Amino acid sequence: MNHGNSIKKFTDDLPERIKQIGTTEEVNEWKYLRAGKLKMIYRNGTIRYLSGGNNELIRMIYAAVRDKDWQVVLPHIEDENITIDGNSFSIEFKCRYKNAGIDFLAGFTIYGSEDNSITLIMDGQALETFEKNRIGWCVLHPVEGCAGTNCIIEHSNGSTTQSAFPEEISPYQIFSNIRSMNWMNGKINCKISFEGDVFETEDQRNWTDASFKTYSTPLSLPFPVTIDKDTRIYQKIVLNFNGQFEEDRDGDKVNIVRLYPDETYRIPELGICRRSSGDGSLRENEAKILRALRFDHYRIDIHLYKKDWQKEASKAASESHDLGFPVEVALFFDDSYETLIKSFIKWYSEERITIASVLLYHFSIPLIPDERVWEIIRNLRETDPQIKVAAGTNANFAQLNRNRPGDSRNDSVCFSIHPQEHLSDNLTLVENLKAQGYAVSSAKRYFGNKKIAVSPVTIQRRFNANKSLFEIPYIGNDMPPQVDSRLMSLFGACWTAISVKYICEAGADSITYYETAGERGIIQGETDPQWPGQFRTVKGMIFPVYHVFRFILANKSFHVLKSTSSRPLDVDCLALSDGKQARLILVNFTSGVQTVLLECCSGLFRIRTLSTDSFSEAASNMRWTGMEKEKVIKSQNIFDLEPFSINFIEGWKKH
């Protein structure tokens with residue numbers, strides 16, 4: 001059935017913000033603050049991008065409340081008062097944290113002084129008795145500018161330790177028992193002092209956050225902790241910076257994108273996951289639309305310990321035949337390894353499916369023990385000597401890093417990625433893209449000659465790895481936490497293109513994304529959304545991310561070229577080339593027009609834009625090209641990118 005006209009009418013009528021970011025939720029404007037020579041931005045109780053000159057000194061400072069399952073309890077801010085006086089400021093507000101049994105009220109004071117110092121105070125009280133895993137200030141340190149840098153830690157007893165921020169991703173806490181910490185960023189001396197609790201620092205790259213985090217209370221202490229009603233919690237942080245501050249370059253409003261022709265990477269095997277909603281089945285027209293993309297594999301999850309797993313697995317195998325995609329089989333075991341692998345081999349032999357790879361998981365522990373992995377692989381290769389097998393975790397890089405597998409004759413090591421373990425705002429999602437590459441790079445160094453498979457990459461967390469190691473079916477009528485409306489938006493497509501960039505540039509061998517159809521897919525498919533008030537789509541609708549994959553998969557004979565952007569949180573680029581041509585996806589992550597100079601193309605290049613203006617055409621046409629509004633631009637000229645736009649560029653690579 002052709003839904004084109006109804007889709008176009010529906011999407012024409014969508015609010016611009018829905019097309020751009022999937023929601024109409026409004027956020028407060030950023031406040032630009034100064035404290036002496038320091039500059040930063042502030043919104044909703046959070047300090048971000050605290051910088052001195054051109055040096056980012058602190059990525060973020062915020063107060064966090066986490067419940068007994070490590071779920072974030074969001075604050076309700078009231079009585080906010082901001083006073084800005086030239087090179088100083090003061091901010092006062094209250095926050096009520098009430099959710100999941102927690103009821104906590106805190107008053108906050110933040111003030112910045114002309115002597116390049118910032119003081120943050122939290123003074124809170126429990127309004128009811130509850131259990132918590134964390135309450136207090138969190139300080140995020142940027143990876144760039146800190147990794148590999150020496151740091152002097154003063155402990156609570158007054159002793160000091162000379163340490164360093166790690167270059168590779170550290171599986172466990174970096175610094176402990178912190179009273180103060182002191183390090184150099186360029187020529188700026190940075191010092192933070194803490195009161196009211198014992199702080200420590202962890203490497204958030206384990207969850208693909210692009211930061212180190214200093215927080216309280218130490219994880220070595222038992223948790224959750226019961227907080228009795230009327231308990232007072234007080235914390236104070238003082239940051240001091242001094243030294244040689246470089247001159248700001250705020251006047252440079254042009255985003256400069258560069259390619260590095262000598263740094264090339266093979267495009268990994270790219271796959272898609274089976275739909276998790278309903279019975280997971282694909283309808284004929286859904287399969288037709290997806291088949292056109294020519295993904296390298298189709299991930300299906302098989303829980304071998306469940307009764308009658310073969311019925312669902314055979315249905316998924318039939319879908320792979322219809323799609324023409326080999327299967328990436330994720331096998332989940334309990335402790336009956338020998339029995340379960342034999343039952344899988346029997347089914348696999350009868351089905352005669354084409355397997356791209358097998359991922360081995362345990363349903364209740366982070367990784368299957370090496371000796372068991374070897375037994376499973378030995379059994380598989382007795383049937384198929386060429387079968388490719390990955391050992392690893394269905395959870396985050398943290399679980400892999402803390403339980404590193406040995407060599408059990410596996411071909412690959414696998415882990416999954418999502419950007420929302422700690423925070424969920426758009427800016428955090430963009431910040432954390434670079435950390436996906438950090439995780440892949442560390443995995444390659446830790447596991448030598450093993451290939452690296454990232455499966456899956458999702459924009460939202462599939463499950464809480466503190467409670468479960470696989471997704472438990474959601475029970476409830478509201479939109480489940482695994483669904484994120486940004487996936488259907490222009491922002492979701494921008495995020496995906498740059499996720500591919502950083503994972504490719506780090507040298508991954510295989511990446512699996514999202515699902516086929518539905519609210520967690522790249523198309524809506526032949527059913528209307530289950531939560532139309534929150535996920536504003538209609539049946540038959542093509543999401544912008546579909547066209548990102550279409551562009552990449554149509555150019556798989558090309559290589560990825562390393563690219564950089566002068567302001568990657570605003571504009572970033574995935575660059576492909578065959579040595580002569582350059583084909584780029586250039587994205588604008590912001591709500592404003594961005595001006596760009598491409599230092600990578602020669603002569604003229606063509607640009608086709610997927611933006612709010614072309615959203616409806618692309619949503620109703622799987623073969624959308626944007627050719628009718630194509631622009632031709634001289635390579636030496638600057639040009640503008642529309643807000644939240646995906647720009648497909650073709651030209652000649654500059655030599």
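Per the conditions (1) in contact with a strand residue (DSSP E or B) (Cβ under 6 Å, 6 or more places away or on another chain); (2) small (Gly, Ala, Ser); (3) surrounded by 16 or more Cβ atoms within 10 Å (Cβ to Cβ), the sole criterion not satisfied by Ala147 is (1).
The set of residues in the range 563-614 that are farther than 23 Å from Tyr546 by Cα, within 27 Å of the chain's Cα centre (by Cα) and basic (Lys, Arg) contains only Arg567. Can Ala317 be described as more than 20 Å from Ser276 (Cβ to Cβ), in contact with a helix residue (DSSP H, G or I) (Cβ under 9 Å, 6 or more places away or on another chain) and surrounded by 15 or more Cβ atoms within 10 Å (Cβ to Cβ)? Taking the combined requirement at face value, the residue does not satisfy it.
Restricting attention to the range 93-110, which residues are assigned to a strand (DSSP E or B), surrounded by fewer than 20 Cβ atoms within 10 Å (Cβ to Cβ) and without any contact (Cβ under 8 Å) to a residue 40 or more places away in the chain?
Initial filter on the range 93-110 (assigned to a strand (DSSP E or B)): 93-99, 102-110.
Subset that is surrounded by fewer than 20 Cβ atoms within 10 Å (Cβ to Cβ): 93-94, 96, 98-99, 103, 105, 107, 109.
Residues satisfying the conditions are Lys94, Arg96, Lys98, Asn99, Asp103, Leu105, Gly107, Thr109.
Of everything in the range 425-447 that's surrounded by 22 or more Cβ atoms within 10 Å (Cβ to Cβ) and of a type in the set (Val, Ile, Thr), which residue is nearest to Leu574 (Cα to Cα)? Step by step, filter the range 425-447, then rank; the result is Val430.
For the range 284-305, state whether one or more residues are part of a helix (DSSP H, G or I), out of contact with any helix residue (DSSP H, G or I) (no Cβ under 9 Å at 6 or more places or on another chain) and within 26 Å of Ser412 (Cβ to Cβ). No, the range 284-305 contains no residue that is part of a helix (DSSP H, G or I), out of contact with any helix residue (DSSP H, G or I) (no Cβ under 9 Å at 6 or more places or on another chain) and within 26 Å of Ser412 (Cβ to Cβ).
Checked against (1) crowded, with 22+ Cβ neighbours inside 10 Å; (2) not in a loop (DSSP other than H, G, I, E, B), Ile368 passes all but a single condition, namely (2). Residues of the range 54-80 being surrounded by fewer than 18 Cβ atoms within 10 Å (Cβ to Cβ) and either part of a loop (DSSP other than H, G, I, E, B) or not assigned by TED's automatic domain parsing to the domain that holds Lys187 (or both), which ones? Those that are surrounded by fewer than 18 Cβ atoms within 10 Å (Cβ to Cβ) and either part of a loop (DSSP other than H, G, I, E, B) or not assigned by TED's automatic domain parsing to the domain that holds Lys187 (or both): Asn54, Lys68, Asp69, Trp70, Gln71, Leu74. Restricting the range 615-650 to residues that are more than 30 Å from the chain's Cα centre (by Cα) and either basic (Lys, Arg) or assigned by TED's automatic domain parsing to the domain that holds Gly525 (or both), which is farthest from Cys573 (Cα to Cα)? Looking at the filtered set, the residue picked out is Lys629.
With respect to the conditions (1) at pLDDT 95 or above; (2) among the charged types (D, E, K, R); (3) closer than 28 Å to Gly324 by Cβ; (4) surrounded by fewer than 24 Cβ atoms within 10 Å (Cβ to Cβ), Arg486 lacks only one, and its number is (3).
Check the range 246-256 and report whether any residue there is of a type in the set (Asp, Glu) and under 29 Å from Ala453 (Cβ atoms). So that I can check it myself, show each step before the final result.
In the first step, residues of the range 246-256 are kept if they are of a type in the set (Asp, Glu); the result is 246-248, 250, 252.
In the following step, the residues that additionally are under 29 Å from Ala453 (Cβ atoms) were identified as none.
No: the range 246-256 contains no residue that is of a type in the set (Asp, Glu) and under 29 Å from Ala453 (Cβ atoms).
Applying the set (1) in a strand (DSSP E or B); (2) among the acidic types (Asp, Glu); (3) more than 28 Å from Met40 (Cα to Cα) to Glu154 leaves exactly one unmet item: (3). With the condition kept exactly as written, say whether any residue in the range 503-517 is part of a loop (DSSP other than H, G, I, E, B) and of a type outside the set (Gly, Ala, Ser). Within the range 503-517, one or more residues are part of a loop (DSSP other than H, G, I, E, B) and of a type outside the set (Gly, Ala, Ser). What is the one condition in (1) farther than 30 Å from Ala618 by Cα; (2) of a type in the set (D, E, K, R); (3) surrounded by 13 or more Cβ atoms within 10 Å (Cβ to Cβ) that Glu29 does not satisfy? Every listed condition holds for Glu29 apart from (3). In the range 570-629, the residue that is nearest to Pro15 (Cα to Cα) out of those that are among the hydrophobic types (A, V, I, L, M, F, W, C) and without any contact (Cβ under 8 Å) to a residue 60 or more places away in the chain is Val593. Among residues of the range 536-551 that are surrounded by fewer than 24 Cβ atoms within 10 Å (Cβ to Cβ), those with a Cβ under 7 angstrom from a residue that is part of a loop (DSSP other than H, G, I, E, B) and β-branched (Val, Ile, Thr), sequence gap 6+ or separate chain, pair up as Lys539/Thr527.
The values are calculated or read from the model by the stated rules, or taken from the named source; none is laboratory data. The structure presented is a predicted model; accordingly, all values stated were derived computationally and were not measured. Ideal geometry is used to build each Cβ from the backbone, glycine not excepted, and the neighbour counts take in all protein chains shown.
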